[in-house]
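Q: So that we are looking at the same thing, I have put the structure below in structure tokens.
The values are calculated or read from the model by the stated rules, or taken from the named source; none is laboratory data. Keep in mind that what you see is a predicted model, and the values were worked out from it rather than measured. Neighbour counts run over all protein chains shown; Cβ positions are idealised from the backbone, glycine included. Just so you know, the surface numbers come from the protein's heavy atoms only, side chains and all, with ligands and any DNA or RNA stripped out. Shrake-Rupley method; radii C 1.70, N 1.55, O 1.52, S 1.80 Å.
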2 protein chains.
Amino acid sequence: MESGDELRFDHGDRTPERLRGQLSRLVGMTAVQTRRAAGDALRAVGAHKDDFVVLAALAEFGPASQAALSDRTRIYKSDLVAVLNALARGGWIRRAPDPADGRRNVITITDDGERRLAELDRVLDDVNEHIMAPLGRDERAQLFALLRRVNDHLAGAPERA
Amino acid sequence: MESGDELRFDHGDRTPERLRGQLSRLVGMTAVQTRRAAGDALRAVGAHKDDFVVLAALAEFGPASQAALSDRTRIYKSDLVAVLNALARGGWIRRAPDPADGRRNVITITDDGERRLAELDRVLDDVNEHIMAPLGRDERAQLFALLRRVNDHLAGAPERA
DNA sequence: CCGCTTGTGTTAGGGACACTAACGATGTAT
DNA sequence: ATACATCGTTAGTGTCCCTAACACAAGCGG
């Protein structure tokens, strides 16, 4: 089955020394791997990464305008259009004009959408389990914490607790 | 200067709970951040990420064919062409046909190339320092180790020591 | 020597993702 | 009323990662 060996960070004596110090490279290659793992699993059930993100936001915060959704999911409002089209086609959301504001649409998750979300949640749980398989409970928490500190810092965090 | 706040993994109460458990999302967003940090710094000196990678491989392993370079840098041979063109234009490498094998080119780093590599190395050292600024010495090592284990695992590692 | 297969460099292109620009329609403020 | 801001939408940019096809050269089996 010889897999994505291309994305292995370290190939031992074949890997230039200087590259091993580049966190950017390591995290970049790992990102592609994890993205692919999640993407493949979701594609197997006919879903896309953003489907899960949008459904999760709707389930947790209730009906929302597309602008609000974009804000909560970091999906650009321009890209959101296609995602919502697909979700509506599947019957997982309803998109109706906001009677209170003619500019907005109100996006609502349907019962089928809740079920879909549960399904995708299961799929992604498996993916996460697979990704972090080699790590123990505390190590997973450590990895999350370390990455989040780097992420916060690069996002321009003024050292918030 | 309000920066790339879009790429912050956690926006507190505005972030759906389910998304916080997705390592794929966290590592993906952080990858974009670090890639951008490195890319910006390199662009400021007229360089590209792959320039550094290729020069490093040449400096550490000596002259090589493009196929060998592709193997060592995980840059696809198709993409390598443009990188080498740019490096040759800058006078940082020489590209000559291999007298022993009419199919191959022999890529050699020049003295200017060595200097260029040293420059890019300095630039990237600063970037890495900036990226990992919030982490202590041991934490940086931990982050590297954890990510490498995930990376190795996803690359299809058969539990190699 | 002659095909056959393999390796090499090159060109072209696809697909995913993050991101920007512009625009018509609609609200809001002055 | 006039100016400005917001919303959904369409279109397009740039960057990675990756595949396909091809001409050419090398090696190998007959």
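Q: Do you know which of the residues in segment B:61-76 that are more than 16 Å from the chain's Cα centre (by Cα), assigned to a helix (DSSP H, G or I) and not small (Gly, Ala, Ser) is farthest from the other protein chains (Cβ to nearest Cβ)?
A: Selected residue: B:Gln66.
Q: Let me ask you something else. Can you name the number of the only condition in (1) among the basic types (Lys, Arg); (2) crowded, with 17+ Cβ neighbours inside 10 Å; (3) touching a Phe, Trp or Tyr at 6+ places or on another chain (Cβ under 9 Å) that A:Arg8 fails?
A: Among (1) among the basic types (Lys, Arg); (2) crowded, with 17+ Cβ neighbours inside 10 Å; (3) touching a Phe, Trp or Tyr at 6+ places or on another chain (Cβ under 9 Å), the lone unmet condition for A:Arg8 is (3).
Q: Ok, one more. Name the residue that is farthest from B:Gly12 (Cα to Cα), counting only residues in segment A:69-87 that are among the small types (Gly, Ala, Ser) and open to solvent by 40 Å² or more (accessible area, probe 1.4 Å).
A: A:Ala82
Q: Against the definition (touching a His at 6+ places or on another chain (Cβ under 7 Å) and farther than 19 Å from A:Phe9 by Cα), how does B:Pro134 come out, yes or no?
A: In short, yes.
Q: Next question. For A:Val81, indicate whether it is more than 9 Å from every other protein chain (Cβ to nearest Cβ) and in a helix (DSSP H, G or I).
A: Here the answer is yes, as A:Val81 does meet what is asked.
Q: Let me ask something else about it. Can you name every residue in segment B:35-60 that is surrounded by fewer than 17 Cβ atoms within 10 Å (Cβ to Cβ) and either facing chain A (nearest Cβ under 8 Å) or more than 14 Å from DNA strand D (Cβ to nearest atom) (or both)?
A: B:Arg35, B:Val45, B:Glu60
Q: Another question about this same structure. Is segment A:6-17 home to any residue that is basic (Lys, Arg), in the same structural domain as A:Asp126 (by TED's automatic domain parsing) and either within 11 Å of DNA strand D (Cβ to nearest atom) or in contact (Cβ under 8 Å) with a residue 60 or more places away in the chain (or both)?
A: No, the conditions are met nowhere in segment A:6-17.
Q: Just name the residue that is farthest from A:Ser24 (Cα to Cα) out of those in segment B:100-146 that are within 14 Å of chain A (Cβ to nearest Cβ) and among the polar types (S, T, N, Q).
A: B:Gln142
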